[in-house]
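Participant: The following block contains the structure, expressed as structure tokens.
The values are calculated or read from the model by the stated rules, or taken from the named source; none is laboratory data. Values in this document were obtained by computation on a predicted structure and should not be read as measured data. Every residue, glycine as well, gets a Cβ built from its backbone with ideal geometry; the counts of neighbours run over all protein chains shown.
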Amino acid sequence: MSYLLALLQRPELTVATTHAVVPPQDLPPLQDALALADQLSALLASQHEAVARAQAEGRASGEAAGFAAGQTRALDEGAHTLAEQLQRIAAEQAAQREELRHALVALAAGMVRRMAADLAPAQVLAALAERAFDHVVPPQPVRLRLPPAQVDAVRAQLALRELALPVQCTADDSLHGLDCVVESSAGSLLAGLDAVLEQTSQALATSLRTSPGEGAQGGTEAAPTRPATEPLGQA
């Protein structure tokens, strides 16, 4: 009957013999073999622990690195999206402000036209001419060109006013409605309602565009514009 006697049995190493009795001369080598087996088992266990520890550390490091990279990518994408949204909102606000400027300018011009329509044309032309006279520098005799149908009425209106300079009213067939032109030796000035409203609208639009608070919001500043009417005689 054969049998196998296990002298050492572990998961990674087994020492066995088929002899029930170990001869005395074989005992020292056997003991050395068993001691070596114990050392080998301890070494294998240590290696297994080192491998397991390295795997755990690598996994933790990889997860941390992956999390950090993912977090950084998410933050970058979020910042990019936020910047795009802010740019879109700023563009929409700028467009809305520009539309509001045009609406306000158009409203103001419309109100002036409606008020002028309620007055006699001669009164409006006399007021426009007197306003233009303030820009004649230095004060000097001027000629006021008017639509032929308004010459006498405007002359009468100006006679009721205290003017700082002599005025000669003359007819100009090329002028109509509420158009008028102030002429002097220094030059000429369009003083009709349409010209004044256009100049005033430009000044109003510039004033709205450069109003306090808009520059702090990133609004575009406009270049300085010329006054609504320039003094005659200046370069």
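Participant: As an exercise: evaluate Arg113 against (1) within 30 Å of Ser188 (Cβ to Cβ); (2) without any contact (Cβ under 8 Å) to a residue 24 or more places away in the chain; (3) outside the structural domain of Ser207 (by TED's automatic domain parsing) and give the number of the one condition it does not meet.
Facilitator: Just one mismatch for Arg113, condition (2).
Participant: Anything in region 172-186 that is farther than 16 Å from Arg131 by Cβ, without any contact (Cβ under 8 Å) to a residue 40 or more places away in the chain and surrounded by 14 or more Cβ atoms within 10 Å (Cβ to Cβ)? List them, or say none.
Facilitator: Of region 172-186, the ones farther than 16 Å from Arg131 by Cβ are 172-177, 185-186.
Still in the running and without any contact (Cβ under 8 Å) to a residue 40 or more places away in the chain: 172-176.
Within region 172-186, Asp172, Leu175 qualify.
Participant: Regarding region 9-32, can at least one residue be identified that is at pLDDT 75 or above, over 30 Å from Leu204 (Cα atoms), out of contact with any strand residue (DSSP E or B) (no Cβ under 6 Å at 6 or more places or on another chain) and not charged (D, E, K, R)? Let's see the steps before the verdict.
Facilitator: Residues of region 9-32 that are at pLDDT 75 or above, as a first pass: none.
Checked against the condition, which is being at pLDDT 75 or above, over 30 Å from Leu204 (Cα atoms), out of contact with any strand residue (DSSP E or B) (no Cβ under 6 Å at 6 or more places or on another chain) and not charged (D, E, K, R), region 9-32 yields no hits at all.
Participant: Looking at the structure I just gave you, is Leu86 within 23 Å of Ser207 (Cβ to Cβ) and not assigned by TED's automatic domain parsing to the domain that holds Ala203?
Facilitator: Details: within 23 Å of Ser207 (Cβ to Cβ): no; not assigned by TED's automatic domain parsing to the domain that holds Ala203: yes.
So Leu86 fails the test.
Participant: Quick test for you: out of Leu75, Leu82, Leu104, Leu86, pick the one residue that is at negative phi, assigned to a helix (DSSP H, G or I), in contact (Cβ under 8 Å) with a residue 60 or more places away in the chain and of a type in the set (A, V, I, L, M). Full working, then the answer.
Facilitator: Working: Leu75 fails: in contact (Cβ under 8 Å) with a residue 60 or more places away in the chain; Leu82 fails: in contact (Cβ under 8 Å) with a residue 60 or more places away in the chain; Leu86 fails: in contact (Cβ under 8 Å) with a residue 60 or more places away in the chain.
Criteria check complete, one pass: Leu104.
Participant: Can I ask one more? List pairs: first residue in region 125-146 and more than 12 Å from Glu183 (Cα to Cα), second residue among the β-branched types (Val, Ile, Thr) and part of a helix (DSSP H, G or I) anywhere in the structure, Cβ distance under 7 angstrom, at least six positions apart or on different chains.
Facilitator: Correct list of pairs: Leu125/Val154; Ala126/Val154; Leu128/Val196.
Participant: May I pose another question? Out of Arg161, Arg145, Arg114, report the one residue that is surrounded by 10 or more Cβ atoms within 10 Å (Cβ to Cβ) and either in a loop (DSSP other than H, G, I, E, B) or modelled with pLDDT under 80 (or both).
Facilitator: Numbers: Arg145 fails: either in a loop (DSSP other than H, G, I, E, B) or modelled with pLDDT under 80 (or both); Arg114 fails: surrounded by 10 or more Cβ atoms within 10 Å (Cβ to Cβ).
None of the others qualify; the one that does is Arg161.
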